[in-house]
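Worksheet: the structure to be examined is printed underneath.
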């Protein structure tokens, strides 16, 4: 798969917001739910971090 074929999955309602999760544990649970459908696959999950978070 090339970078052009890759898919980006996000929660549009949370874009540009800060402090949307109670803590990192809650954020991890939301992320785990988003990734559940790829649990038994050969998918490569690459986290994207905005420049200000790197």
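The values are calculated or read from the model by the stated rules, or taken from the named source; none is laboratory data. Quick caveat: nothing in here was measured; it's all calculated off a predicted structure. Glycine gets a Cβ as well: all are built from the backbone with ideal geometry, and neighbour counts include every protein chain shown.
Quick rundown of the values:
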{"item": "Qualifying residues in the range 38-54 (those that are modelled with pLDDT of 70 or more and more than 13 Å from the chain's Cα centre (by Cα)) - the one surrounded by the fewest Cβ atoms within 10 Å (Cβ to Cβ)", "result": "42"}
{"item": "Residue check, residue 5 in a loop (DSSP other than H, G, I, E, B), out of contact with any helix residue (DSSP H, G or I) (no Cβ under 9 Å at 6 or more places or on another chain) and either surrounded by 10 or more Cβ atoms within 10 Å (Cβ to Cβ) or modelled with pLDDT of 75 or more (or both)", "result": "no"}
